[in-house]
Amino acid sequence: MADNTVHQIISAYTTGCLDKDNYIQFMNYMKEDGDLPKGELGELQNVTALIPTLLELEEPSPELKNLVAKRILEVESVRKQKFKETVEKKQDPEVVFNEASPDRSGEDQADETSGGDKQTESKPVADAEELVNDKPVKHGILPWILLGVIGLLLIVVGIYFFIINSELRDEITDINSRLQGYQNEVVQTNKFINEHIELIEFLNYKNVEVVNFMPTDIKQDAYGKLFISLDAGEAILQLKNMPKITSRESFQLWMVNENQSFSLDSVYPSPGVEYYKINNLPSFDKKDIAMFRITKEIRGGNETPQGPLYLFGAFYNVQEEDNTARRR
C-alpha cells in the first residue's frame, strides 16, 4: 500500500469516514501486520477526541425556543381535545343510536321533524337504551356465573364437611359408649376385688387345693367350694344356696381322718356374704384326709357331728377313687 494512501486511510479511519470496502481492506491490512507509520494512528485518535472541546456550542435564540414551546403546547391541546370528544361520543346514547342505524328513509326523517316527536321520544330512545345497555348486560352475566359457581362449591364443601362431621360424631359417640362400658367394667372389677380381696390374696398362696362340695340330697341345689392351703394352715369356704337356719344354728365344717371328724370352724350365713375365712387349721398330711363335711349344728358348734349332713367333698384323687368304688 502506497505511503500516501496509508496516511489518507488512517486519517479517514480516525474520523470515521471510511466506506465499507476501504474499511474491510484496512482491517485486513492491519491483521496481516501491514507496515503502518509508527504512532500516527494513536496521535490522530487523540487529536480527533479533542476536537469537540475546541468547538463552541451554538444555542438557539430565545424567539426560536418560545416558538417551539408554543407549537408543542398547541399539539398537546389538540390531542387532548380529540381524546375528550372521542370519550364523549362513546358515552352519548344518541350517538350510539345514530351509528347503529345510519340508513333511514326521508319519510322517517320528515316524521321526526313534522310531528313525530312522540315516536322519537318513545321507540327510538328505547331502542337506543337497549343498545346502550346491551353491552353492560352481557358483561354483567359473568359475575353472576362466578357467584353461582362459588355458591355451588360452598354447598359441596359444606355437604362434605357435614358428612365428615356426622361420621366423626358417630365415632365419638361409639368411643364414648365403649369407654363407658370399660369404665363400668373397671368399677365392677374394683368392686369384685374389694369384696374378694381375701380370696385373691389367698389364691396367691403356694399349693392351694380346691375341694368341690356336693349336696347329700340331689333335690337340693346347694353347693360350695373349699380353697385350702395346708402349708399356710388357712382356708376359704364358699357356700351357695344353703337352706335357711335359725339364729341359734350354724353350719360346721369337719375334716374326716380315719373315721374321726375334726371341727375346722362354724359358719353362720350372712346376707350378701359368699366367702368365709378359716384360720388355724390343724396340721395334716393331704393323704391322711378322707373328706370334708358340712353339717347343721347349734350356734357355736359341737365337738362331734350331731346335726344333719348337707354337703360333702374330698380332694380330687380321693373323691375320684370314692366315686369309682361306689360305681362298682
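What nm distance separates the two modelled labels at residue 163 and residue 207, each placed 7 Å from Cα along Cα→Cβ?
Inter-label distance under the simple model: 7.0 nm.
Calculate the spin-label point distance for residue 195 paired with residue 247, positioning each point 7 Å from the Cα along the beta-carbon direction, and give it in nanometres.
My value for the distance between the label points is 2.6 nm.
Restricting things to Cα coordinates, could you compute the convex hull volume per residue of the stretch 157-213 in Å³?
124
Send over a whole-number figure in Å² for the accessible area per residue of the stretch 174-260, probe 1.4 Å.
For the stretch 174-260, the per-residue accessible area is 66 Å².
Quick one: of 191/286; 206/240; 191/296; 206/244, which pairs are farther than 30 Å apart, Cα to Cα?
Checking Cα-Cα distances, 191/286; 191/296; 206/244 exceed 30 Å.
Along the charge dipole of the stretch 136-294, Cβ charges K/R +1 and D/E -1, which of 262, 176, 216 sits furthest on the positive end?
Selected residue: 176.
Pop the C-beta distance of residue 270 and residue 316 into the FRET formula with R0 = 35 Å and round what comes out to the nearest 0.05.
0.75
Which percent of the accessible heavy-atom area of the stretch 238-316 goes to carbon and sulfur, probe 1.4 angstrom?
Accessible surface attributable to carbon and sulfur in the stretch 238-316 totals 45 percent.
With labels modelled as points extended 7 Å from the Cα through the Cβ direction, what inter-label distance (nm, one decimal) is found for residue 285 paired with residue 7?
Those two pseudo-labels are separated by 15.3 nm.
Would you compute, for the Cα atoms of the stretch 233-296, the largest minus smallest coordinate along each principal axis and list the three values in descending order, in whole Å?
35, 21, 18
Could you list the square roots of 5 times each eigenvalue of the Cα gyration tensor of the stretch 205-245, that is, the equivalent ellipsoid semi-axes, sorted largest first and rounded to whole Å?
25, 10, 6
Write down the Kirkwood hydrodynamic radius of the stretch 151-251, to one decimal in angstroms, obtained as one divided by the mean of 1/r over all alpha carbon pairs.
19.3
Can you tell me how the stretch 184-306 classifies by the Cα gyration tensor, rounded, prolate or oblate, using a/c under 1.5 as the rounded cut?
oblate
The values are calculated or read from the model by the stated rules, or taken from the named source; none is laboratory data. All values reported here derive from a predicted model rather than from experimental measurement. Counting neighbours? That spans all protein chains shown, and the Cβs are built from the backbone with ideal geometry, glycine included. Heads up: the accessible areas ignore ligands, DNA and RNA and are worked out on the full protein's heavy atoms, side chains in. Shrake-Rupley method; radii C 1.70, N 1.55, O 1.52, S 1.80 Å.
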